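So the structure is just underneath, and the comments pick up after that.
The values are calculated or read from the model by the stated rules, or taken from the named source; none is laboratory data. Everything numeric here is computed off the predicted structure, so don't read it as measured data. Cβ placement follows ideal geometry from the backbone for every residue including glycine, while neighbour counts extend to all protein chains displayed.
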Amino acid sequence: MTDRWQQQKNVYSIEVLRDLARKRLPKMVFDFIDGGSEDEHTWQRNIDAFRDIALLPHVLRATPDRDLSTTVLGHRLQLPVMVAPTGLTGMFWPQGETAVARACAAAGSIMTVSHATTVSTKSLVETADNPVWAQTLIYNDKGFTREMIERAADAGCHALVLTVDLQALGQRERDLRNGFTVPPKITPRSAFEAMRHPAWLFDYFSNPEITMVNYAGDGKTDLASLAQHMGKIFDSNVSWEDFDFVRKHWDGPLVVKGILRTDDARMAVERGADAIVVSNHGGRQLDGAPSPVEVLPAIAEAVAENAEVYLCSGIRRGSDVIKCLALGARAVLIGRAHLYGVAAGGESGVAASLDILAQEMRRAMALGGWNTISDITRDCVALPADRIRQN
């Protein structure tokens with residue numbers, strides 16, 4: 001249901017939300033959301049790959065309901081779109097994660113709480129009246145890895161999302177060009193740009209200082225110290241034995257995010273993963289990696305009988321969601337799409353991002369002759385390698 005904010009701002013697409021976010025945020029902060037790694041070839045490939053997939057509509061098929069509901073790990077969603085873990089959301093809007101949790105609950109979706117959240121996981125679980133998932137990593141301190149798992153359990157999170165493509169941070173060259181730091185520093189170089197965005201500047205400095213609550217400890221709470229600490233705790237020596245460690249200490253559903261190969265997907269499922277997120281981290285890690293939608297069909301074919309498969313990276317349209325469902329995904333996760341929303345309008349902006357995708361899905365389903373999610377099957381799309389022919 002379109003709300004007043006969305007109507008007033010004439011927000012009719014994710015790209016409009018992106019433009020609103022660009023106008024509200026200083027360039028360095030917007031680029032932190034928007035940018036990819038190195039030459040951003042993978043960032044661009046994520047978008048282009050969807051353009052190369054054609055929808056094959058039926059005609060003269062009634063679609064009175066256009067029901068978007070589905071189930072994910074046993075829970076019913078009102079639409080097959082969830083929110084991916086995104087760090088430091090409170091830097092874009094005060095209490096940004098709380099805004100996301102409320103919007104997801106209202107839309108019948110699921111939020112995944114980032115390991116770098118600025119609001120406590122327990123608070124977000126209490127805010128939402130639907131399941132909340134928690135992200136974790138494999139850290140070089142296995143005691144801390146176990147502690148993060150236990151925190152997610154104590155907070156009441158339904159599933160643990162293990163991100164496996166952060167052995168090292170990708171080089172985000174927009175951030176280097178902009179001199180971006182965590183937290184953003186207002187320097188002579190950036191002061192003029194910041195003053196051109198007074199709404200963000202006022203919110204940022206008039207609200208309590210943000211911090212990454214999951215890493216606060218040992219007397220360190222300031223964001224700069226915690227950001228430096230984070231850079232030292234990623235473990236480039238992770239192995240499948242570390243995956244086993246996580247599986248051993250987490251009793252609930254385990255979702256593995258960041259897989260792009262069928263052999264890795266099979267291995268994860270064999271070792272106890274309940275779901276796979278096909279993802280390249282939004283093009284922010286390994287530049288040159290494939291778009292997830294390019295490898296989705298093979299991964300879904302390899303493991304879908306034994307685990308649920310989701311896709312994350314590159315979703316900008318409801319038709320993108322439909323293409324993923326047709327190629328074997330049970331649902332998708334959005335990252336930038338909802339961050340543009342939270343940066344543009346807080347809870348209303350996140351709600352708009354979910355509403356836009358739902359409206360676009362319903363419109364595409366009407367035009368394609370698909371009344372329910374189960375109607376969206378492999379024959380509804382043609383890949384570049386397919387020959388589009390009469391059936």
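The table for this structure:
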read-out: Members of segment 105-160 found to be of a type in the set (G, A, S) and part of a helix (DSSP H, G or I), listed by number; value: A105, A106, A107, S123, G143, A152, A153, A155
read-out: Selection from segment 161-184 of residues that are more than 20 Å from A307 (Cα to Cα), part of a loop (DSSP other than H, G, I, E, B) and touching a helix residue (DSSP H, G or I) at 6+ places or on another chain (Cβ under 8 Å); value: L166, L169, G170, R172, G179, F180, T181, V182, P183, P184
read-out: Residue in segment 312-335 that is over 20 Å from M82 (Cα atoms) and touching a helix residue (DSSP H, G or I) at 6+ places or on another chain (Cβ under 7 Å) present; value: no
read-out: Residue within segment 78-87 that is of a type in the set (A, V, I, L, M), over 24 Å from A289 (Cβ atoms) and crowded, with 22+ Cβ neighbours inside 10 Å present; value: yes
read-out: Close pairs from segment 43-69: first surrounded by fewer than 17 Cβ atoms within 10 Å (Cβ to Cβ), partner at pLDDT below 95 and not in a helix (DSSP H, G or I), Cβ under 6 Å, at least 6 apart; value: D52/P384
read-out: Residue check, T86 over 26 Å from E308 (Cα atoms), at pLDDT 95 or above and in contact with a Ser or Thr (Cβ under 6 Å, 6 or more places away or on another chain); value: no
read-out: Test set (1) in contact (Cβ under 8 Å) with a residue 40 or more places away in the chain; (2) surrounded by fewer than 16 Cβ atoms within 10 Å (Cβ to Cβ); (3) not in a loop (DSSP other than H, G, I, E, B) - W200 fails condition number; value: (2)
read-out: Of the criteria (1) exposed (fewer than 15 other Cβ atoms within 10 Å of the Cβ); (2) touching a Lys or Arg at 6+ places or on another chain (Cβ under 9 Å), which one G143 fails; value: (2)
read-out: Cross-chain or 6+ apart pairs with Cβ under 9 Å, segment 351-376 first and closer than 15 Å to V81 by Cα, then hydroxyl-bearing (S, T, Y) and assigned to a helix (DSSP H, G or I); value: S353/Y340; E360/S319; M361/S319
read-out: Any pair with Cβ under 8 angstrom, 6 or more apart, that starts in segment 160-181 at a residue that is in contact (Cβ under 8 Å) with a residue 60 or more places away in the chain and loosely packed, with under 14 Cβ neighbours inside 10 Å and ends at one that is part of a strand (DSSP E or B) and of a type in the set (A, V, I, L, M, F, W, C); value: A168/F234; L169/F234
read-out: Enumeration of residues in segment 1-28 that are among the hydrophobic types (A, V, I, L, M, F, W, C), at pLDDT below 95 and either crowded, with 23+ Cβ neighbours inside 10 Å or over 29 Å from Q171 (Cα atoms) (or both); value: M1, W5
read-out: Answer from A343, A366, A382 - the residue that is under 20 Å from A101 (Cα atoms), of a type in the set (G, A, S) and modelled with pLDDT of 95 or more; value: A343
